[in-house]
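**Student:** Before I ask anything, here is the structure I am working with.
The values are calculated or read from the model by the stated rules, or taken from the named source; none is laboratory data. Keep in mind that this is a model prediction, so the values were computed, not measured. Because the Cβ atoms are built from the backbone with ideal geometry, glycine has one as well, and the counts that use them run over all protein chains shown. Heavy atoms of the whole protein, side chains included, go into the accessibility calculation; ligands, DNA and RNA do not. Shrake-Rupley method; radii C 1.70, N 1.55, O 1.52, S 1.80 Å.
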Amino acid sequence: MDKRLEANIRVKKNITDALFSLMKEKKLQDITVSEIVKKAGVARASYYRNFDSKESILYDFGYKLHNEYISNIRFDLNKSLTYSSILYTFKYYFKYKDFILELCRNDLSHMYLEMLNEFVEDAAGDMPANSIERYKIYCYTGAVFNMSIKWIEGGTKETPEEMAEEMAKAFLEFIK
């Protein structure tokens with residue numbers, strides 16, 4: 001890999017890590033670019049070369065998660081409500097629970113829902129815009145969104161397996 005590309009990846013990671021660290025101390029809106037670059041140990045120009053706002057740092061990180069998510073799953077709308085599909089999703093969100101929790105603490109849960117919708121839309125693949133089937137995506141993501149946020153805010157006391165089992169049962173009861 002090109003040394004400049006490696007350096008830029010490292011700078012972006014340092015900036016992202018700095019922002020997440022600062023978000024544990026205070027709200028996103030109260031964090032300044034100066035604080036981020038100081039904590040990241042990078043030049044202000046490096047920040048602006050890579051990001052145009054604090055929110056863009058979060059979206060950039062979210063899209064990295066998105067790429068990881070869709071690269072490891074073959075989503076089938078007709079099988080999205082199976083235990084194994086749901087379990088994969090809960091394991092994935094357990095892995096990134098700190099990111100999701102910081103979004104929620106900063107009143108940015110809408111970002112998480114937008115990303116979740118995009119994750120599942122991309123994983124589901126092409127679908128005509130006028131297809132009624134697309135609503136299944138939003139039913140699924142809405143349920144995952146609500147359950148995962150409450151689970152994460154509650155300290156993830158249940159295992160991903162227990163959450164997947166409960167969600168699968170809830171969907172079965174719902175379609176009866």
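**Student:** Given the conditions (1) assigned to a helix (DSSP H, G or I); (2) closer than 21 Å to Asp107 by Cα, report the number of the one that Ile9 does not fulfil.
**Tutor:** For Ile9, the failing item is (2).
**Student:** Going by the structure shown, is Ala18 more than 17 Å from Phe61 (Cβ to Cβ) and open to solvent by less than 70 Å² (accessible area, probe 1.4 Å)?
**Tutor:** no
**Student:** Could I ask something else about it? Of the residues Asn146, Asn117, only one is among the polar types (S, T, N, Q), assigned to a helix (DSSP H, G or I) and closer than 16 Å to Met167 by Cβ; which?
**Tutor:** So the residue among Asn146, Asn117 that is among the polar types (S, T, N, Q), assigned to a helix (DSSP H, G or I) and closer than 16 Å to Met167 by Cβ is Asn146.
**Student:** Further question: Among the residues in the stretch 68-79, are any assigned to a helix (DSSP H, G or I) and over 22 Å from the mean Cα position of the chain (by Cα)?
**Tutor:** The answer is yes; a qualifying residue exists.
**Student:** Hey, another quick one. Please go through the stretch 23-48 and give me each residue that is of a type in the set (Val, Ile, Thr) and surrounded by 13 or more Cβ atoms within 10 Å (Cβ to Cβ), ordered by number.
**Tutor:** Restricting attention to the stretch 23-48, the residues satisfying the condition of being of a type in the set (Val, Ile, Thr) are 31-33, 36-37, 42.
Those that are of a type in the set (Val, Ile, Thr) and surrounded by 13 or more Cβ atoms within 10 Å (Cβ to Cβ): Ile31, Val33, Ile36, Val37, Val42.
**Student:** Considering only residues of the stretch 162-176 that are at pLDDT 85 or above and open to solvent by 70 Å² or more (accessible area, probe 1.4 Å), which is farthest from the chain's Cα centre (by Cα)?
**Tutor:** In this case the residue turns out to be Lys169.
**Student:** For the list (1) of a type in the set (Ser, Thr, Tyr); (2) more than 28 Å from Ser21 (Cβ to Cβ); (3) surrounded by 13 or more Cβ atoms within 10 Å (Cβ to Cβ), I need the number of the one condition that Ser109 fails.
**Tutor:** That leaves (2) as the condition not met.
**Student:** How many of the residues making up the stretch 128-143 are open to solvent by less than 60 Å² (accessible area, probe 1.4 Å) and modelled with pLDDT under 85?
**Tutor:** Adding up the residues that qualify gives 4.
**Student:** Please state which one of Thr82, Thr89 is in contact with a Pro (Cβ under 9 Å, 6 or more places away or on another chain), touching a residue at least 40 places away in the same chain (Cβ under 8 Å) and surrounded by 14 or more Cβ atoms within 10 Å (Cβ to Cβ). Before the answer, list the steps.
**Tutor:** Working: Thr82 fails: in contact with a Pro (Cβ under 9 Å, 6 or more places away or on another chain).
Answer to the check: Thr89.
**Student:** Would you say Ile152 is open to solvent by 50 Å² or more (accessible area, probe 1.4 Å) and either over 17 Å from Tyr88 (Cβ atoms) or assigned to a helix (DSSP H, G or I) (or both)?
**Tutor:** For Ile152, the condition - open to solvent by 50 Å² or more (accessible area, probe 1.4 Å) and either over 17 Å from Tyr88 (Cβ atoms) or assigned to a helix (DSSP H, G or I) (or both) - is not met.
**Student:** Hey, another quick one. So, in the stretch 49-60, how many residues would count as being buried (at least 18 other Cβ atoms within 10 Å of the Cβ) and under 17 Å from Arg105 (Cα atoms)?
**Tutor:** Residues flagged as buried (at least 18 other Cβ atoms within 10 Å of the Cβ) and under 17 Å from Arg105 (Cα atoms) within the stretch 49-60 amount to 3.
**Student:** Taking the residues in the stretch 96-106 that are open to solvent by 20 Å² or more (accessible area, probe 1.4 Å) and part of a helix (DSSP H, G or I) as candidates, determine which candidate is nearest to Tyr83 (Cα to Cα).
**Tutor:** Lys97
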